[in-house]
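Below: the structure, in structure tokens.
The values are calculated or read from the model by the stated rules, or taken from the named source; none is laboratory data. Remember, predicted model here, so these are calculated numbers, not experimental data. Using ideal geometry, Cβ is built from the backbone for each residue, glycine included, and neighbour counts are taken over all protein chains shown. Please note that ligands, DNA and RNA were not included when accessible areas were found on the heavy atoms of the full protein model with its side chains. Shrake-Rupley method; radii C 1.70, N 1.55, O 1.52, S 1.80 Å.
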Amino acid sequence: MAELEFLKVEKDDQVARIILDRPKHNVLDIPMMNELNAELEKIAADDELKCVVITGEGKSFCAGVEVADHKPDNVDLMVSTFNRIFELINMIDIPIIAAVNGACLGGGMELAIACDIVIASEKAILGQPEIKLGFFPPYAALRLPELVGVAKAIEIVTTGQNYSAQAAKDLGFVSQVASVDEFQDVVEKNVKQIVMASPLIIRLNKRAVKRHIGTSFAQGVDLVSNYFLKTMMKTEDTLEGIASFEERRRAVWKNK
């Protein structure tokens, strides 16, 4: 197995942690994105994991995508490699936490907002400055309207301004803000809350949230209700959860 050059990966039987590690600011280039995609593919195929955390080494989360990779000779490969990140994140059925510990700009912010939960240090700075270099952020153009609405999405991408962690939370693309001293503890608190559950039921919960998207209300109610009754209620872990509650004991999950 080739040694990772631009990432650190820590993994146990419940949590995978990916640390972006390309000094100085963890800027994504094509080789680094290839490493990230390979790790995300492994996570997508692992039915035992319960949670993923993505963060950055040093003072930055990720300050964007390498500008040199936007040149005509590289741009087609760069875009396809970059898009693969979001395809894989969309395939992963367990919660993905972006632990934003510093600068989170351009492609770095796109990576963060692709995740399910964005926890930012109060010192974090977020923004999509691509317009200042003559670009637009393709994934942000897709994702931001879902998170903040069309008008605010246009503001973010056309002004290129930076936002504090609290401003980003107020807008809706950051979930939680923590002080610098409490940041790691807040991330770990979220991880612990997630991993208490069955890995199978974690997946079913995330799928249920996404299952109705793009349908009418009536179709959505039908889809989610049927998923509840015909899939979740047929699992051993749901029955174990009910039994453990009634018997006042800790559940023993079977992932079935």
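Cross-link reach is defined here as a Cα-Cα straight distance under 18 Å, omitting same-chain residues fewer than 8 places apart; for LYS50 the lysines meeting it are LYS11, LYS42, LYS189, LYS192, LYS206, LYS210, LYS254, LYS256.
Restriction of the GluC sites (Glu not before Pro) in the range 149-256 to DSSP coil positions whose beta-carbon has at most 15 other beta-carbons within 10 angstrom yields GLU182, GLU247. This model, with +1 at the C-beta of Lys and Arg and -1 at the C-beta of Asp and Glu, gives the range 198-247 a dipole about its Cα centre of some 460 debye.
On a 1.4 Å probe surface of the protein chains, which of TYR139, TYR163 comes out largest in accessible area, and what is the full order?
Correct descending sequence by accessible area is TYR139, TYR163.
Find the centroid of the Cα atoms in the range 121-143 and in the range 201-256, then give the distance between the two in whole Å. So the separation of the two Cα centres works out to 36 Å.
Amide H contacts for ALA178 (H built 1.01 Å from N in the peptide plane; partners 5 or more residues away or on another chain; cut-off under 5 Å): ALA120, SER121, GLU122.
How about the range 27-111: which trypsin sites (Lys or Arg not before Pro) there are in a DSSP loop, with at most 15 other Cβ atoms within 10 Å of their Cβ? Present the calculation step by step, with values, prior to reporting the outcome.
Working: sites: LYS42, LYS50, LYS59, ARG84; in loops: LYS50, LYS59.
Those that pass, being in a loop and sparsely packed, are LYS59.
Helix 183-195 and the longest principal axis of the Cα set of the chain meet at an angle near 40°. Please work out how much accessible surface VAL177 shows to a 1.4 Å probe, ignoring ligands, DNA and RNA, in Å² rounded to 10. Spelled out: VAL177, probe radius 1.4 Å, area about 50 Å².
In a reduced charge model with +1 at each Lys and Arg Cβ and -1 at each Asp and Glu Cβ, the range 65-223 shows a dipole moment near 400 debye about its Cα centre.
Using only Cα atoms, find the angle between the long axis of helix 217-230 and the longest principal axis of the chain, and express it within 0 to 90 degrees, rounded to the nearest 10. That helix lies at roughly 50 degrees to the long axis. In loop segments of the range 20-87 as defined by DSSP, the GluC sites (Glu not before Pro) with at most 15 further C-beta atoms inside 10 Å of their C-beta are GLU48.
Give the accessible surface of the chain per residue, rounded to a whole number of Å², with probe radius 1.4 Å and ligands, DNA and RNA excluded. Present the calculation step by step, with values, prior to reporting the outcome.
On the way: 13540 Å² over 256 residues.
I get 53 Å² per residue for this part.
Quickly estimate the mean residue ellipticity at 222 nm for the chain, helices only: each DSSP H run with n ≥ 4 gives -39500 (n - 2.57), and the total goes over all residues, rounded to 500.
Values: 10 runs with 119 residues, N = 256.
Mean residue ellipticity at 222 nm (helix-derived): -14500 deg cm²/dmol.
At a threshold of 8 angstrom on Cα-Cα distance, excluding pairs fewer than six apart, so keeping six or more, what relative contact order does the range 67-162 reach in percent? Let's see the in-between values first.
Numbers: 113 pairs, mean separation 22.0, N = 96.
23 percent.
Using protein chains only and a probe of 1.4 angstrom, how many square angstrom of LEU105 are accessible, to the nearest 10? Near enough 40 Å² of accessible area.
Mean separation of Cα pairs under 8 Å and 6+ residues apart, divided by the residue count of the range 7-195: what relative contact order is that in percent?
Working: 365 pairs, mean separation 36.2, N = 189.
About 19 percent, as a whole number.
Points 7 angstrom from Cα along the Cβ direction at SER179 and ASN90: gap in nanometres? Each label point is offset 7 Å from its Cα along the Cβ direction, giving 4.1 nm. Placing +1 on the Cβ of every Lys and Arg and -1 on the Cβ of every Asp and Glu, with nothing else charged, gives the range 1-136 a dipole about its Cα centre of roughly 600 debye.
How much of the accessible area of the chain, probe 1.4 Å, is carbon plus sulfur, in whole percent? Can you show the working numbers first?
Working: 7490 of 13540 Å².
Of the solvent-accessible surface of the chain, carbon and sulfur hold 55 percent.
Accessible-area rank, largest first, for SER179, SER80: SER80, SER179, with all protein chains present and a 1.4 angstrom probe.
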